[in-house]
Amino acid sequence: MNHNPETWFGSAQRVVFVHAHPDDETIATGGTIAALRAAGKPAGLVTLTRGERGEVTPGPFASLQGTPQLAPHREQELQAAMLMLGVEGHAFLGEPPARQPGLEPRVYEDSGMEWGDDGMAMSAAETGAEALTKAPAAELINDLLYGVLTLECDAIVSYNDEGGYGHPDHVLAHRAARAVAAAIDVPFWEISSDEAAEAYDVTESLDRKIGALRMHGTQLTVIDDETIEHVGGQREPIASVERFMLRAAPILGDA
């Protein structure tokens, strides 16, 4: 167990996290981001979509589901969560600085998902024309490259090759972030549940992680400061340990 943020991610001085939707940054890496910031190490964030196709928790925000108002509301939730965590430098993919110069800004939309029989997420039956997974790969990767270079980093963090639970946007985030890390020759670290992965104790920053989780009210409910309940009713303990594994640069044919 590693308790010292000074040594995390190979003692990287500035880490950029790449996440698919608002709330992912807090659920999977919120304690780590807050701990890095408390140690004086800037943590940047690139968010690929605004979670336009996300379900919404029952309650006061339920009427936002499936409406154009959900995306701007989730932007506000993300802004509040980043303030809690201390994110320093953020970009939505497709908007400056995460946009190739000379191109008009664009929005990469949430691709949506369905649950498969194996309990993993899979591609939705219908995907919008502006969905992240329908974007030309070169455009998407170039935008991420410019975003990461502008934010500056010496390590990039994103999901594993299964996207954690299979969401197609998470899988694509892994591939794009890992490719960009290889292109600029910085280490790529993936979020992991493997016991062999590096385990970072985020107990000291847990209060900020919990506060940031509460900001994502359309997506989850915090129960007794120990558990979150997702939109579908699934409950998950709020992790006080976040795990990451260093991955080698991809080779031809590798995911």
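List of remarks:
- For residue 169, the criteria (1) touching a strand residue (DSSP E or B) at 6+ places or on another chain (Cβ under 6 Å); (2) of a type in the set (Asp, Glu); (3) under 25 Å from residue 115 (Cα atoms) hold in every case but one, which is (1).
- For segment 188-205, the tally of residues that are touching a residue at least 60 places away in the same chain (Cβ under 8 Å) and under 17 Å from the mean Cα position of the chain (by Cα) stands at 3.
- Any hit, segment 136-151, residues being in a loop (DSSP other than H, G, I, E, B) and at negative phi: yes
- Scanning segment 194-214 for residues that are touching a Ser or Thr at 6+ places or on another chain (Cβ under 9 Å), farther than 16 Å from residue 20 by Cα and of a type in the set (Phe, Trp, Tyr) turns up at least one hit.
- Search result, residues across segment 1-20 that are more than 15 Å from residue 153 (Cα to Cα) and touching a helix residue (DSSP H, G or I) at 6+ places or on another chain (Cβ under 7 Å): 2, 5, 19, 20
- Taking strands (runs of 3 or more DSSP E) as the structural unit, those lying wholly within segment 11-125 and holding at least 1 residues that are within 22 Å of residue 221 (Cα to Cα) correspond to 15-19, 43-47, 113-115, 121-123.
- Within segment 166-177, considering residues that are in a helix (DSSP H, G or I), open to solvent by 10 Å² or more (accessible area, probe 1.4 Å) and not aliphatic (A, V, I, L, M), the one farthest from residue 148 (Cα to Cα): 168
- Residue check for residue 155: open to solvent by less than 30 Å² (accessible area, probe 1.4 Å) and more than 22 Å from residue 51 (Cβ to Cβ): yes
- Being over 24 Å from residue 245 (Cβ atoms) and without any contact (Cβ under 8 Å) to a residue 12 or more places away in the chain is a condition met by no residue of segment 149-162.
- Residue under evaluation residue 98, criteria (1) out of contact with any Lys or Arg (no Cβ under 9 Å at 6 or more places or on another chain); (2) modelled with pLDDT of 95 or more; (3) exposed (fewer than 15 other Cβ atoms within 10 Å of the Cβ), criterion not met: (3)
- Checklist (1) over 18 Å from residue 173 (Cα atoms); (2) surrounded by 14 or more Cβ atoms within 10 Å (Cβ to Cβ); (3) among the hydrophobic types (A, V, I, L, M, F, W, C) applied to residue 103, failing item: (2)
- Residue 121 vs. criteria touching a residue at least 40 places away in the same chain (Cβ under 8 Å), surrounded by 17 or more Cβ atoms within 10 Å (Cβ to Cβ) and in contact with a Pro (Cβ under 6 Å, 6 or more places away or on another chain): no
- Residues being in contact (Cβ under 8 Å) with a residue 40 or more places away in the chain and under 17 Å from residue 152 (Cβ atoms) are represented in segment 21-33 by at least one member.
- Evaluation of residue 214 against (1) over 22 Å from residue 60 (Cβ atoms); (2) free of Cβ contacts under 8 Å to residues at least 60 places away in the same chain; (3) among the basic types (Lys, Arg) (one fails), failing number: (1)
- Of 52, 77, 25, all but one fail to be of a type in the set (Asp, Glu) and more than 17 Å from residue 214 (Cβ to Cβ); the exception is 52.
- Qualifying residue in segment 229-247 (condition: over 17 Å from the mean Cα position of the chain (by Cα), among the acidic types (Asp, Glu) and over 25 Å from residue 79 (Cβ atoms)): no
The values are calculated or read from the model by the stated rules, or taken from the named source; none is laboratory data. Please read all numbers here as calculations on a predicted model, not as lab measurements. Note: ideal-geometry Cβ built from the backbone for every residue, glycine included; neighbour counts use all protein chains shown. We work out accessible area using only protein heavy atoms, side chains counted, and drop any ligands, DNA or RNA first. Shrake-Rupley method; radii C 1.70, N 1.55, O 1.52, S 1.80 Å.
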